[in-house]
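The values are calculated or read from the model by the stated rules, or taken from the named source; none is laboratory data. These numbers were taken from a predicted model, which means no experiment stands behind them. Note that each Cβ is placed from the backbone with ideal geometry, even for glycine, and that neighbours are counted across all protein chains shown.
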Amino acid sequence: PYWTEEVKGLSLSKINVTLVGKQSLDLSIFSPCEREKFEARVGPWPRGPWPRGIIPYKFDCALKSIQKARIKNVLRTIEAFTCLKFVTYTIKKGRTTNQRRCLRHHRYVLFSEITKEVDRVKYRKRRLVHPDLETSHSRYYQMKTLSNFNRCYDRCNHFKIKCENDGYLTLVYGRCACVCPSGLDPSTGCRSVFTSAMTKKDLYPSGPYALPLVNSSADCPSQEFDKKRIQFYIDSPSRNGPKSNQTYVLFYCVHTRKGWPWIQWPLGSYCIFLTTSRCPRKGFQWSHTIYLRKSDRYAGDTGLQFIFLCCKRSGFAEEEMVLPFKLPFTLIKNWKSRCRPAKGMYLEHSKPIPYRVEVETETEVEVKKNSHYTLEYLGGEKINLCSYRPALTDCGGVFRLNKTSSSYSFYFSNDREIVQCTWLFKATETEYSRLVLDIENVAIEHVSDWRKCTQYSRRVNELEVRYQRVGEPGISVCGTSFPKSIISERNTLLLRLITVGRQWANFTATVRAIEPEDMCYSMKDSGRTYVGDVNFTRDFEPCLPWSETTECQIHIFNPKVFNTVLDGNKCRNPNPDVKIRPWCYTDKKDCKWNYCDVCLIGRIYDTRLDCYKTGSAVDCPIYGCAKTCSHVLPKVDAAPTVGRIRCDRPTDTFVGAEPILPTIPRDTFDVGESLFYKCQNKKKLLTKRFCLTNGQWSSLGGSVCLYNDTYCADMWPRCAELIKKYPSFCRIFRFTGMPYGMCAFTCGKCRKTQTPRCVVKRGGRLAVLRRKQGLAAGDRVHRGTSVSYRCRLTRWARYLPDSGNKVRACLASGRWSGSRLTCRNVCLRSWKYNQENRMCYKKIYKRQSYIKALGMCLTLGGELVSLKSQDELRFIQDLKDGAQIWIGLDRLLSVTNTTENSATFSDSGENDDPGWFWRSDGSRPLFANWRSGHPFSKSTNKHCVVMGYSGWWKSLQCLRAFRFVCQTPARWSKKFS
């Protein structure tokens with residue numbers, strides 16, 4: 001794994017990491033920079049861990065200093081939380097770093113910048129790769145993988161505490177310790193939540209150093225610090241006269257005692273005051289000098305006062321710092337960096353301390369120039385502070401659910417206090433148990449839409465739910481309601497509440513455990529054997545048929561998923577190695593998918609806020625208004641529980657294949673169990689059949705026995721059914737192996753004589769054969785061959801299908817699938833035809849007002865588009881291609897003189913509202929897709945409707961200009977009418 005962090009537009013994702021080694025080619029003739037570019041790669045990374053955890057590395061000479069600094073920052077972070085150590089690869093006296101350290105290999109890591117020669121892959125930024133992975137910079141599991149791969153735990157054999165709940169044992173700052181997900185306590189092996197109770201005395205890094213205080217009333221973190229102050233003044237310009245002096249007092253805490261040597265300053269981006277001439281050794285690389293004009297009440301100006309700063313910049317901005325401070329304390333903010341959060345502490349930005357530089361001698365100027373950074377490093381003439389206050393962490397806990405106690409409910413309120421609470425729930429029966437969370441009585445932040453909690457950047461209180469893995473960032477819960485049920489992907493679920501005390505935050509949570517035998521699919525195979533009837537996602541989105549997702553990875557013709565029953569648009573899991581439960585596609589353009597709640601254990605809820613407007617409509621939209629439109633929700637019963645389903649021993653036979661029965665005879669098999677089948681001629685070829693949730697056995701799912709000269713059979717019983725529904729699948733998917741391995745007989749791929757044969761027929765009325773096929777009427781073709789037809793095309797119009805099939809396949813019976821194609825309908829060539837309602841549509845790209853759009857459609861012989869069903873809405877959504885268009889829906893009483901150049905309309909008045917109706921036939925809209933907050937009232941003078949980018953309708957003023965779509969019925973051909 002590698003890490004990225006943005007700084008000044010630079011990202012480590014632009015750095016190429018190459019594993020290189022010794023070369024047999026003499027590169028001495030090249031320059032040093034060219035020599036590195038010609039170094040050959042030595043294949044993949046080593047299979048085993050790096051010897052002794054030492055990784056030699058080297059920088060490309062073309063890298064800039066800022067790039068090298070960012071890479072070193074990442075390497076130092078890895079060294080702090082793993083057993084790895086990065087050393088510079090050098091050659092001294094003919095011996096490399098690997099030889100001097102006896103590493104038994106000659107490889108090292110080369111960091112270079114990715115050049116323009118690298119191919120770029122097109123990727124949509126808005127494409128959802130995984131619906132359960134939030135966009136975050138969390139690197140917890142990357143660090144865990146890196147540590148476990150290099151066997152860092154072998155160095156901690158003496159460590160007696162076992163790390164649980166996704167924690168892992170590694171070296172932290174050179175000492176063995178458990179690393180836990182945020183919210184869990186490492187001192188207990190991640191078995192309990194983090195609390196403010198300290199079992200030992202607070203330990204602080206060794207001095208000397210000093211920390212600033214926010215004001216005079218603030219106390220030092222502990223008795224090890226001495227409170228001091230310094231008084232200074234700055235010259236500020238006055239409006240009425242000369243400059244006036246303003247006096248400031250800076251309070252700070254000085255630590256001079258020697259602490260424990262293993263207590264290190266944590267990784268972060270901050271500064272501290274220096275009381276001696278040297279900065280702390282570990283991690284502090286940059287020091288700066290501030291010149292203050294010292295002031296005394298009686299003596300006046302007493303000269304310059306020097307304040308030295310030691311700054312540190314390491315780690316990642318979102319990682320929490322672990323400090324022993326349990327009282328309020330303050331650190332100095334580093335230049336152009338965010339204040340790092342601290343574990344168990346609330347972070348707030350304090351009022352900056354102003355200062356002005358007074359330099360009088362050349363010596364002082366030299367001191368300023370020789371410092372690593374100028375005074376602009378601290379943001380001009382202000383010292384920015386990061387203040388930390390302890391939070392209430394003595395709340396929450398770890399709760400274990402089992403069959404005896406399968407549910408737990410609790411209510412929590414922060415009472416306007418600073419809170420960091422963690423609740424960890426764990427189903428202890430088996431690893432296949434799942435947890436269901438229902439949240440009620442929510443009052444967290446004033447957010448109107450609970451789905452936009454992540455986008456609400458001004459929130460200060462947050463309830464995070466981690467239902468994938470406890471170390472992976474979860475979803476945010478806010479607002480006054482959260483109707484959705486959250487189902488964990490494993491047997492753990494974590495809730496974490498963070499508040500700042502300025503607002504109330506309360507909620508009621510109910511967590512219940514679901515055991516594997518109570519589910520409607522087998523948890524062991526992640527629902528691969530599920531064959532239920534649920535055809536909508538957990539967000540109540542309609543599923544797409546698997547036959548229409550051929551541009552995506554999974555579809556009905558994919559040979560890798562033959563043993564999965566991809567039936568219609570039902571939820572399935574053909575790839576259990578990647579997905580953890582049944583799922584389906586919801587958008588074939590972007591291959592967007594989502595999981596399904598096939599067992600119907602979650603709550604039915606609404607995601608839109610205006611569902612009350614469409615609750616009584618005939619075409620009530622299920623997606624977004626599932627609870628309001630529950631009366632039109634498909635009546636789908638969950639499959640019976642897996643614990644009560646059994647499959648009998650299979651009795652069906654396949655030509656050339658026989659099952660391998662278990663040694664101990666069995667009459668029944670559990671769901672998810674499998675049987676192997678072998679080929680009689682090739683005994684090494686094996687494949688599985690699975691026991692499905694309907695008590696039946698799956699198909700063989702692959703080529704157990706390939707065709708030969710003696711026999712020819714289909715290994716999939718649905719081949720004959722599939723070729724009738726999709727006549728060209730034998731030709732389109734001939735490269736996938738399906739026609740040969742699965743449907744050899746149906747597709748006519750057997751080596752023996754192909755009989756019977758089909759005679760190619762002519763097309764029906766106004767239909768002809770496609771020329772590219774090279775076929776003519778009367779030719780003979782073998783079974784599995786598909787023949788395509790098309791409608792005739794003229795210069796001014798095109799004929800459209802009226803009945804029949806465009807593609808027909810030769811069946812095993814010697815007959816053709818489907819019926820003969822006949823063409824009759826006519827659309828102009830610039831218009832697009834919709835076969836569902838037999839209408840022609842044309843998109844006008846020129847922006848016009850609503851009145852002119854009506855007139856232009858009349859001039860073209862049509863009318864402004866009307867949408868009366870969800871299918872028509874999807875068709876126009878694809879046709880408009882993301883633009884905003886007028887639709888023929890308004891609430892105008894009459895429209896007169898509607899021509900392209902001039903038009904007038906009469907309104908009904910301010911108070912009389914005739915309601916909305918379609919301009920095409922004057923009917924009321926039974927189907928509507930209004931955006932939240934629309935339509936506006938009559939008094940707003942917004943009487944016309946625009947279809948937005950995402951398909952929602954909104955009422956706007958009729959004089960605004962938008963593109964539009966015209967429609968007209970498909971006309972019959974005069975020749976055959």
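Evaluate the stretch 580-596: report whether one residue or more is within 22 Å of GLU673 (Cβ to Cβ) and among the charged types (D, E, K, R). Yes, the stretch 580-596 contains a residue that is within 22 Å of GLU673 (Cβ to Cβ) and among the charged types (D, E, K, R). Taking the stretch 834-886 as the range and being part of a strand (DSSP E or B), farther than 9 Å from PHE964 by Cβ and either of a type in the set (S, T, N, Q) or without any contact (Cβ under 8 Å) to a residue 12 or more places away in the chain (or both) as the test, only ASN834 passes.
Every condition in (1) out of contact with any strand residue (DSSP E or B) (no Cβ under 8 Å at 6 or more places or on another chain); (2) at pLDDT 75 or above; (3) buried (at least 20 other Cβ atoms within 10 Å of the Cβ) holds for CYS596 except the one numbered (1).
Among the residues making up the stretch 750-761, those that are loosely packed, with under 14 Cβ neighbours inside 10 Å and at pLDDT below 90 are ARG751, LYS752, THR753, THR755, PRO756.
Residues in the stretch 765-811 that are buried (at least 18 other Cβ atoms within 10 Å of the Cβ) and at positive phi: LEU766, GLY784. Scanning the stretch 151-164 for residues being under 11 Å from THR82 (Cβ atoms) and crowded, with 20+ Cβ neighbours inside 10 Å gives a total of 1. Suppose we keep only residues that are within 23 Å of MET143 (Cα to Cα) and basic (Lys, Arg) within the stretch 23-81. Which one would you say is modelled with the highest pLDDT? Filtering the stretch 23-81 for residues that are within 23 Å of MET143 (Cα to Cα) and basic (Lys, Arg), the one modelled with the highest pLDDT comes out as LYS58. The criterion of being hydrophobic (A, V, I, L, M, F, W, C) and outside the structural domain of VAL946 (by TED's automatic domain parsing) does not hold for CYS857. The condition of being crowded, with 20+ Cβ neighbours inside 10 Å and under 39 Å from the mean Cα position of the chain (by Cα) holds for LEU867.
Criterion first (modelled with pLDDT under 85 and of a type in the set (Ser, Thr, Tyr)) does THR96 satisfy it?
no
Quick one: in the stretch 152-188, which of the residues that are among the basic types (Lys, Arg) and at pLDDT 90 or above is farthest from ARG52 (Cα to Cα)?
Among them, the one singled out is LYS162.
Residues that are crowded, with 19+ Cβ neighbours inside 10 Å and farther than 22 Å from ILE580 by Cβ within the stretch 480-507 comprise PHE482, ARG496, LEU497, ILE498, THR499, VAL500, ALA505, PHE507, listed in sequence order. Can you name every residue in the stretch 718-744 that is at pLDDT 70 or above, surrounded by fewer than 22 Cβ atoms within 10 Å (Cβ to Cβ) and not in a helix (DSSP H, G or I)? ARG718, TYR726, SER728, PHE733 - these are the residues of the stretch 718-744 that are at pLDDT 70 or above, surrounded by fewer than 22 Cβ atoms within 10 Å (Cβ to Cβ) and not in a helix (DSSP H, G or I).
For residues in the stretch 784-822 being in contact (Cβ under 8 Å) with a residue 60 or more places away in the chain and in a strand (DSSP E or B), which is farthest from MET839 (Cα to Cα)? Of everything passing the filter in the stretch 784-822, CYS810 is farthest from MET839 (Cα to Cα). Going by the structure shown, is ILE71 closer than 30 Å to CYS178 by Cα and touching a residue at least 12 places away in the same chain (Cβ under 8 Å)? So ILE71 fits the description; yes.
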